[in-house]
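Structure first, commentary second.
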Amino acid sequence: MAASDSGSDPTNARPWELVTEWSGGTVLALASGVVGGGQRIYAATPAGLHGSEDGGQTWAWLSLAPDTIADALACLPADAMGTSLLLGAGSGLHRSTDGGRSWRQVLTGSKVQALAVTADPSAADVTVLAGTETDGLLRSEDGGLSWIGANAGLLDLTVLAVALSPAFGRDRTAFAGTISGLFRSRNGARAWRLVELGPDAPAVQAIGVSPAFEDDALVLAGTEADGLFRSDDGGQTWDAVDSFPEPSVTSIAFGTDGRTILVGTAAGVARSTDGGATWTLDGADLGPILGLVSTTGGAAVAGTVDQGAVRLDSGGGRWTPANVGLAGRATVALDATMAFGDEPLLGVAMLDAGVVVSHDAGRTWKGGAGGLTALAATSLAFVRRAGGRPAVLATFEDGLYWSDRIEAGWQRVDLAAVELPADARPTALAAVGDLSSAPTTLVAAGVGCLLLSEDAGERWKALPLPFAGAEIVSVAPSPAFGQDGTLYVGVRDYLTEADGSRVLAGVDLWRSANRGRTWARWWPGPRAAVMPIAVPAPGHGPYAVLAGRPGHVGRPLSQSAERRRGETRPLWQEARIGAPSETVTSLALSPSARRDRLVLAAATGTPYLSRDGGETFEAWDAGIRTPLVTGLRVLALPSGELVAYALGLGGTLWRRPVA
């Protein structure tokens, strides 16, 4: 990687400055383990894995998690390398042996949504149970290295929760919660029997086993809509907890004092200080609780949907934010424009909080969720609508929406007149404008769809895909699309394995010069997961497009071509940025690139600057701190000054003048 630019260039002495930081975010799962004789707490967020060694008071970012949405997290017994971790997600199960800094996948197929690990030092082997969405239970007796099915006796294969006795090595007792109810095993999770919770069989999505289970035989089962159930005889008989204040239970944690029990619900944390005899609801303003961990010092940490981590001191009191060092916002896309005033108009899309917009260069922000059914926004673009008003369009989890006053809500874009496959889903947006930089042309793309609007999103039509069912991850029309009809897309390329499964091989760049009627593969991107694309205006130098793949930014050489496997495509010149395996996450061109030839790129968390049209890059990272740059923009202010904006995964927005 090139050296940092800190202090190396007097013309660039002004470093990146933090414009905005969105605190909180979503803590999807929590786990704790022992490292060096002390407790370490782990928090999985959409922005990566964080660790705390002071009981959840402060955090340090560890790595990008192997999956954006984690469903379960568990620590294995400490070894010489530190704590080994397991992370369950939609992509399967992943294992880390270095405290969450690197990962490898150990299970594929069904989503893994529950994990339990033996904490019994008398157990000869480390038993792990993994509950899946469609494959039932899997059991490992070597810490997650090898797995076998463990479904004998289960009535359905959707497992929502699992738990092991603290004395599992001796009593061989385990519990599993499914959509059909609660199951118990007395033979080491090899066979299961349904236990009766009541006249109906409620879906059990949380299980807590007392640390003193050998003495008190206490087990709690939390249901999706029927509250909390209690057993005082090791799970043989059960009673509903009539005094429990909430019907939907999400997580259970026992305190270290033997009397405190914390239960996460859809409306805060229910707490008992008398072994579960009476309950009070704490932190009703916290919203749904996704995870709970008790600390060795008697405190507790909870994971929330929007407020990040919150902490309860050992003396009780109020739950307070505990987000120092924890950046949990899934900030995934940035748009910025000077087309609507003298100050930059900025917009940010988040997977966990929708879209926010600033009309004053980031000093204040507005958001709104009215009209939306889901908050997961993946991309956005500003356009000019009738009357000259700015509007923002965004792709959300369930479709394409627009708003011209974001605080007033959103309207869904009607695509009924467009013939699309039933599973088509737009996930990427790009907008280009006329000579006054007023965006009016939009291209939306995603899984099985490529859509064009030339009236700021009022009407749409489907364009032909490079091939049937193409999965497009990036899209960039020419700034002069209305005249030259040129469009570039990044398309995922898969290999078919012998068993019929598909494995991602990379992302290829495709080009159409006739408004999408025909396509040519222009640049293969092996090992790439994303491919940012930047298209200069006509006449902006010898290159037609820039694209990023691991460790490189490429540009086609003019008047050169090669023919491979029956395809004719240009020869490319590649500039190295970052390490060879680093993901190139974003590209941006100066508005005056024809004159200044400025290109901005990001490899993981490091911005790079090129002053020669992308032939060479130097690290341009003074002052910035982010694990991943997910968006870049370069704007020309009315004074003529160029300013760059960088969006950081986790919830930060940075600004830096370009000298």
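The values are calculated or read from the model by the stated rules, or taken from the named source; none is laboratory data. Predicted, not measured: the structure shown is a model, and the values here were computed from it. Cβ sites come from the backbone with ideal geometry, for glycine too, and all protein chains shown count toward neighbours. For accessibility, only protein heavy atoms count, side chains too; no ligands or nucleic acids. Shrake-Rupley method; radii C 1.70, N 1.55, O 1.52, S 1.80 Å.
Summary table
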{"read-out": "Column: log10 I(q)/I(0), Debye, Cα scatterers of the range 221-280, q = 0.18, 0.19 Å⁻¹", "value": "-0.57, -0.63"}
{"read-out": "Under the Debye formula (equal points on every Cα, no solvent term), log10 I(q)/I(0) of the range 149-239 at q = 0.12, 0.15, 0.18 Å⁻¹", "value": "-0.30, -0.47, -0.69"}
{"read-out": "Low-density loop cleavage sites - chymotrypsin sites (Phe, Trp or Tyr not before Pro) in the range 381-489, where at most 11 other Cβ are within 10 Å (DSSP)", "value": "F467"}
{"read-out": "The chain, helix-only ellipticity at 222 nm - DSSP H runs n ≥ 4, -39,500 (n - 2.57), divided by all residues, nearest 500", "value": "-500 deg cm²/dmol"}
{"read-out": "Relative contact order computed over the range 528-626 (Cα-Cα under 8 Å; 6+ residues apart), in percent", "value": "23"}
{"read-out": "Gyration tensor verdict on the chain (Cα atoms; rounded if a/c is under 1.5, prolate if a/b is larger than b/c, oblate otherwise)", "value": "prolate"}
{"read-out": "Solvent-accessible area per residue, Å², over the chain with all protein chains present [probe radius 1.4 Å]", "value": "40"}
{"read-out": "Relative contact order for the chain, counting Cα pairs under 8 Å that sit 6 or more residues apart, in percent", "value": "10"}
{"read-out": "Net charge contributed by nearby residues that have their C-beta within less than 9 Å of D239 (K/R +1, D/E -1)", "value": "-1"}
{"read-out": "Relative contact order, percent, the range 85-211 [alpha-carbon distance under 8 Å, six or more residues apart]", "value": "17"}
{"read-out": "Lys, Arg +1 and Asp, Glu -1 on Cβ, resulting dipole of the range 581-659 about Cα centre, debye, nearest 20", "value": "240"}
{"read-out": "Cα-derived Rg over Rh, computed across the range 516-659 with Rh taken as Kirkwood radius", "value": "0.98"}
{"read-out": "Pairwise centroid distance, computed over Cα atoms, of the range 202-259 with the range 355-398, Å", "value": "43"}
{"read-out": "For the range 428-578, convex hull of alpha carbons as volume per residue, Å³", "value": "125"}
{"read-out": "Share of carbon and sulfur in the accessible heavy-atom surface of the chain [1.4 Å probe, %]", "value": "49"}
{"read-out": "Sorted peptide list for 575-581, 546-552, 226-232, criterion being average Cβ within 10 angstrom, highest first", "value": "546-552, 226-232, 575-581"}
{"read-out": "Around S180: net Lys/Arg minus Asp/Glu count, Cβ-Cβ under 15 Å", "value": "-4"}
{"read-out": "Nearest-0.05 FRET efficiency for D233 and A152, computed from C-beta distance (R0 35 Å)", "value": "0.90"}
{"read-out": "Within-11-Å neighbourhood charge of G38 [Cβ basis; K, R +1; D, E -1]", "value": "-1"}
